[in-house]
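Participant: Take a look at the following structure, please.
The values are calculated or read from the model by the stated rules, or taken from the named source; none is laboratory data. Every value quoted in this text rests on a predicted model; they were computed, and no experiment measured them. Please note: Cβ atoms are built from the backbone with ideal geometry, for glycine as well, and neighbour counts cover all protein chains shown. Just so you know, the surface numbers come from the protein's heavy atoms only, side chains and all, with ligands and any DNA or RNA stripped out. Shrake-Rupley method; radii C 1.70, N 1.55, O 1.52, S 1.80 Å.
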Amino acid sequence: MMHFHGLRQGRLVRLAHESTTLPAPSDMLWIDLLDPTHEEEKAVEALLGLQVPTRQEMAEIEESARLYEEHGALVMTAVIINGVAEGRPSRTQVTFVLTPTHLVSVRYADPVPFRTFMAKCQRQPEAHTTSDSLLASLLESIVERAADVLEMVAADLNEVSTRLFIEDRRPKRRAKRVEDELQVLIKRLGRKNMTVAILRESLLSLSRLVPYLRQGAEEWLTNGSPARLKQVERDLRSLSAYEGQLSSEIVYLHDATLGLINLDQNRIIKVFSIAAVLFLPPTLVGTIYGMNFEFMPELDWDYGYAVALVLMVISAVLPYHWFKWRGWL
């Protein structure tokens with residue numbers, strides 16, 4: 001799908017076109033390719049004389065394949081997080097092809113920053129009159145979305161930390177229920193770790209893209225764009241530091257959750273161990289008087305059975321009180 005945007009009376013507007021007739025290059029400022037077909041890619045390449053990278057080329061991870069210059073145009077690929085609102089975070093690649101007169105974006109998903117940017121263009125159409133100002137605004141939207149996601153992750157981690165470490169004053173819950181809740185928290189932390197890992201990759205790609213853009217387009221950046229890109233670069237550094245802090249917190253909370261699960265399991269094993277020790281002396285007494293020897297004086301006692309029962313009870317009660325006194329129960 002191809003979306004064409006151009007200037008009309010100094011305002012950015014979306015251009016209507018037919019599938020067989022494309023707008024003239026002089027009429028266009030921004031071409032947005034959303035999940036383009038091979039024919040659409042070829043049409044844009046023929047229209048502007050630029051090479052549009054394929055989906056396979058966009059997925060390459062080496063820096064030389066993500067940041068390069070071709071026929072006077074800067075080709076830059078960034079990783080953007082997608083699907084956070086749906087609870088299924090994933091990474092998607094977006095390529096920007098920038099020239100002094102045109103901006104081409106190639107993407108195979110519709111992440112939130114692009115939808116936010118579209119709404120921003122409708123509110124402020126006069127603020128985006130050059131290709132570099134368009135790209136600067138897009139990068140700002142992407143960074144703002146990354147910051148929003150990091151804030152959501154931080155809030156979620158704070159909730160997990162509260163559930164783990166703040167004393168629960170509700171009635172005592174069953175061990176099985178506690179273990180189930182801890183397992184849910186581990187899965188929750190795993191999803192947050194996946195989100196942060198994608199954000200780390202996204203911030204890294206953007207941290208390389210922005211300096212390359214500032215250096216490669218230094219001669220034809222319009223007024224205001226260098227300062228905006230410099231601010232984006234500072235924001236990326238601060239977000240990278242914040243992401244590192246969240247990653248450390250996720251590791252700590254994960255280890256703490258596993259530790260609490262181990263404590264609950266050890267507590268259960270402790271109960272079984274103590275129960276086995278408590279029943280061992282009565283079992284010994286019962287075993288002794290259950291032997292089939294011919295000469296056992298106690299067998300002739302009138303109260304031998306009652307004495308054996310009392311001995312078994314005493315042999316169980318004494319270890320119980322001793323464990324209680326030692327604080328093992």
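Participant: Tell me which residues, restricted to the range 62-86, are touching a helix residue (DSSP H, G or I) at 6+ places or on another chain (Cβ under 9 Å), open to solvent by less than 50 Å² (accessible area, probe 1.4 Å) and more than 28 Å from A147 (Cα to Cα).
Facilitator: A73
Participant: Can you name the residue in the range 259-269 that is free of Cβ contacts under 8 Å to residues at least 40 places away in the same chain and open to solvent by 90 Å² or more (accessible area, probe 1.4 Å) and is also farthest from W322 (Cα to Cα) among such residues?
Facilitator: L263
Participant: What single numbered condition from (1) surrounded by fewer than 19 Cβ atoms within 10 Å (Cβ to Cβ); (2) touching a strand residue (DSSP E or B) at 6+ places or on another chain (Cβ under 7 Å); (3) touching a residue at least 12 places away in the same chain (Cβ under 8 Å) fails to hold for P100?
Facilitator: (2)
Yes/no matrix, rows are residues, columns are (1) over 30 Å from E126 (Cα atoms); (2) open to solvent by less than 20 Å² (accessible area, probe 1.4 Å); (3) among the aliphatic types (A, V, I, L, M):
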position	(1), (2), (3)
D27	no, no, no
A43	no, no, yes
A46	no, no, yes
E57	yes, no, no
E60	yes, no, no
R88	yes, no, no
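Participant: Which condition number does S202 fail, the rest of (1) part of a helix (DSSP H, G or I); (2) more than 26 Å from E62 (Cβ to Cβ) being met?
Facilitator: (2)
Participant: Restricting to the range 29-41, name every residue that is surrounded by fewer than 18 Cβ atoms within 10 Å (Cβ to Cβ), over 13 Å from F4 (Cβ atoms) and in contact (Cβ under 8 Å) with a residue 12 or more places away in the chain.
Facilitator: Once the filter is applied, which keeps residues that are surrounded by fewer than 18 Cβ atoms within 10 Å (Cβ to Cβ), over 13 Å from F4 (Cβ atoms) and in contact (Cβ under 8 Å) with a residue 12 or more places away in the chain, the range 29-41 yields only D35.
Participant: Does at least one position in the range 236-258 carry a residue that is crowded, with 16+ Cβ neighbours inside 10 Å, of a type in the set (S, T, N, Q) and under 17 Å from M152 (Cβ atoms)?
Facilitator: yes
Participant: Return the only residue of L209, L221, L204, L229 being among the aliphatic types (A, V, I, L, M), modelled with pLDDT under 90 and either out of contact with any Pro (no Cβ under 7 Å at 6 or more places or on another chain) or open to solvent by 60 Å² or more (accessible area, probe 1.4 Å) (or both).
Facilitator: L221
So that you can scan it fast, the table gives a plain yes or no per residue for (1) in contact with an Asp or Glu (Cβ under 6 Å, 6 or more places away or on another chain); (2) open to solvent by 20 Å² or more (accessible area, probe 1.4 Å); (3) farther than 21 Å from T95 by Cα; (4) not aliphatic (A, V, I, L, M):
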residue: R107; (1), (2), (3), (4): no, no, no, yes
residue: Q122; (1), (2), (3), (4): no, yes, yes, yes
residue: T130; (1), (2), (3), (4): no, yes, no, yes
residue: D148; (1), (2), (3), (4): no, yes, yes, yes
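Participant: Evaluate the following for L260: is it assigned to a helix (DSSP H, G or I), modelled with pLDDT under 85 and aliphatic (A, V, I, L, M)?
Facilitator: So L260 passes the test.
Participant: In the range 36-127, which strands (runs of 3 or more DSSP E) lie fully inside it and hold 1 or more residues that are touching a Pro at 6+ places or on another chain (Cβ under 6 Å)?
Facilitator: Those strands (runs of 3 or more DSSP E) span 73-82, 90-98.
Participant: What's the total number of residues in the range 287-329 that are modelled with pLDDT of 75 or more and part of a loop (DSSP other than H, G, I, E, B)?
Facilitator: Number of matching residues: 8.
Participant: Could you list, in sequence order, all residues of the range 302-320 that are more than 15 Å from A276 (Cα to Cα) and open to solvent by 100 Å² or more (accessible area, probe 1.4 Å)?
Facilitator: Those that are more than 15 Å from A276 (Cα to Cα) and open to solvent by 100 Å² or more (accessible area, probe 1.4 Å): D302, Y303, Y305.
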